[in-house]
1. What 222 nm value per residue comes from the helices of the chain, counting each DSSP H run with n ≥ 4 as -39,500 (n - 2.57) and dividing by all residues, nearest 500 deg cm²/dmol?
2. Using θ = phi - 60° and the Karplus relation 6.51 cos²θ - 1.76 cosθ + 1.60, list the HN-Hα couplings for the range 80-87 in order, rounded to whole Hz, with x at every Gly or Pro.
3. So what's the chain giving for Cα Rg divided by 2.2 N^0.38 Å, two decimals?
4. Please return the longest stretch of the chain lacking exposed loop sites, where trypsin sites (Lys or Arg not before Pro) count only if DSSP places them in a loop and at most 10 other Cβ atoms lie within 10 Å.
5. Please list 3J(HN,Hα) in residue order for the range 15-22, calculated via the Karplus relation 6.51 cos²θ - 1.76 cosθ + 1.60 where θ = phi - 60°; whole Hz, with x for glycine and proline.
6. With θ taken as phi - 60° and the coefficients 6.51, -1.76 and 1.60, list the Karplus ³J(HN,Hα) couplings across the range 65-72 in order, rounded to whole Hz; mark glycine and proline as x.
7. If you place +1 on the Cβ of every Lys and Arg and -1 on the Cβ of every Asp and Glu, how big does the dipole about the Cα centre of the range 54-113 come out, in debye to the nearest 20?
Amino acid sequence: MKRAGADAVPTTTMQRDALKLDPDRHLCEVGNTPATLTAREMEPVIQLMKRPNHVMARPQLVDAIYGTNIHVSDRTMDNHLRNVRAKFAAVDCDDAIETVHGVGIRMGPCSAI
């Protein structure tokens, strides 16, 4: 058996339909089109991609990203999600982040062509 080289690193790439995310390399693509996200915008997407069919309440999402030792407003998370939605819409992935009214946020299908 051939041994893996010293630079062989397991990949952490996540994919949901047309949306592809590589957190280690800080890359996000829809189809073959890159979507440039800031570090704070990437975090909610990573958390939602980990459990794509699970609805996360905003406080749960804030705790997963910032931890429990810091106070962050729900409006801060709303702003990050608004920015992510706008960047995904610019690359034809309008439905990647869904709001479940009264419950929270979940990862959508990203049905871009």
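Throughout, read-outs are computed from the coordinates displayed, never taken from laboratory work. Keep in mind that what you see is a predicted model, and the values were worked out from it rather than measured. Cβ sites come from the backbone with ideal geometry, for glycine too, and all protein chains shown count toward neighbours.
1. Details: 3 runs with 38 residues, N = 113.
For the chain, the value works out to -10500 deg cm²/dmol.
2. Ordered by residue, 3J(HN,Hα) equals 4, 5, 4, 5, 5, 4, 5, 5 Hz.
3. Values: Rg = 15.2 Å, N = 113, 2.2 N^0.38 = 13.3 Å.
Normalised Cα radius of gyration, the chain: 1.15.
4. On the way: sites that count: Lys2, Arg3, Arg25.
Longest site-free region, per DSSP loop and neighbour criteria: 26-113.
5. Using θ = phi - 60°, the values come out as 9, 9, 6, 7, 8, 10, 10, 10 Hz.
6. Result, ordered by residue: 8, 9, x, 9, 8, 9, 9, 10 Hz.
7. Details: 6 positive and 7 negative charges, 27 e Å.
Computed about the Cα centre, the dipole is about 140 debye.
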